[in-house]
Amino acid sequence: MNESLAIDVFFDNKLGGFKIIQKWTHQFMKHCMNWTFKVNIIIVSKLPLDWQEQGRYMAYHVTYLTKTYDIPPSLVVNNDQIGIHLVPTIGKRTWENNGSKHVHVLGIEDKRQVIVIISSFVTWVLLPLQIIFTSTTPWTLPPNNNQRKMCVTNGWELNYSDNHWSNLEMTIQYVENVMVFYHKAQIELLEL
């Protein structure tokens with residue numbers, strides 16, 4: 001590798017420091033370290049064979065119900081939950097020796113998560129989130145600082161359960177405190 005190229009890349013006189021260029025990094029890893037960029041393979045659940053048909057059926061069903069019962073779009077809600085890893089991994093790729101059969105990525109097996117409940121309406125309105133932490137005590141919740149107060153002020157529900165999953169009590173709490181509040185506001189706005 002050209003030594004002057006390495007010096008030019010690392011020392012930037014304009015910025016008074018150094019910078020690393022991605023192309024140079026890739027060349028260094030490939031030629032000097034004998035590494036190659038490998039894909040981390042994660043086994044994911046598979047979609048059912050008729051997933052597109054199921055999606056169309058649901059869309060038709062929602063359309064039929066909203067037209068039949070004259071439901072305004074601002075009252076049609078979609079609700080889902082997703083697990084968010086507390087220790088995020090850098091991505092699907094990492095550097096490893098050429099010819100390696102197994103690629104180890106730090107944190108990829110870490111299962112610590114919070115569950116985030118997301119609700120949105122057809123009118124592109126996103127409701128406040130419900131976040132469920134893993135614990136049997138409230139000590140696992142974020143500290144009572146300005147960021148937490150801002151979340152609570154904006155209607156976020158911060159809860160905990162022993163397995164970080166939503167349960168019936170939390171679902172009822174979210175529906176009553178967040179979804180019903182928005183629903184009532186929309187009914188007043190639409191004068192229904």
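In a shell of Cβ-Cβ distance under 15 Å around VAL77, excluding VAL77 itself, what net charge do Lys and Arg (+1) and Asp and Glu (-1) give? Residues near VAL77 contribute -1 overall. Taking 0.36 nm per residue of sequence separation and removing the Cα-Cα distance, the HIS31/GLN186 pair yields an extension gain of 49.6 nm. Label separation (ALA59 vs GLN81): 2.8 nm, computed from points 7 Å beyond Cα along the C-beta direction.
Counting 0.36 nm for each residue step from SER100 to VAL125 and taking away their Cα separation leaves a gain of 4.3 nm. So if we plug the beta-carbon distance of ASN177 and GLN22 into 1/(1 + (r/R0)^6) with R0 = 45 Å, what FRET efficiency do we get, rounded to 0.05? Calculated value: 0.45. Note on TRP156, TRP51: ascending count of other Cβ atoms within 10 Å places them as TRP51, TRP156, the fewest first.
The stretch between LYS46 and LEU168, if pulled fully straight at 0.36 nm per residue, gains 41.2 nm over its current Cα-Cα span.
FYI, it's all coordinate maths here, none of it is from the lab. If you're wondering where the values come from, they're calculated on a predicted model, not measured in any experiment. Neighbour counts are summed over all protein chains in view; Cβ atoms, including those assigned to glycine, are modelled from backbone coordinates with ideal geometry.
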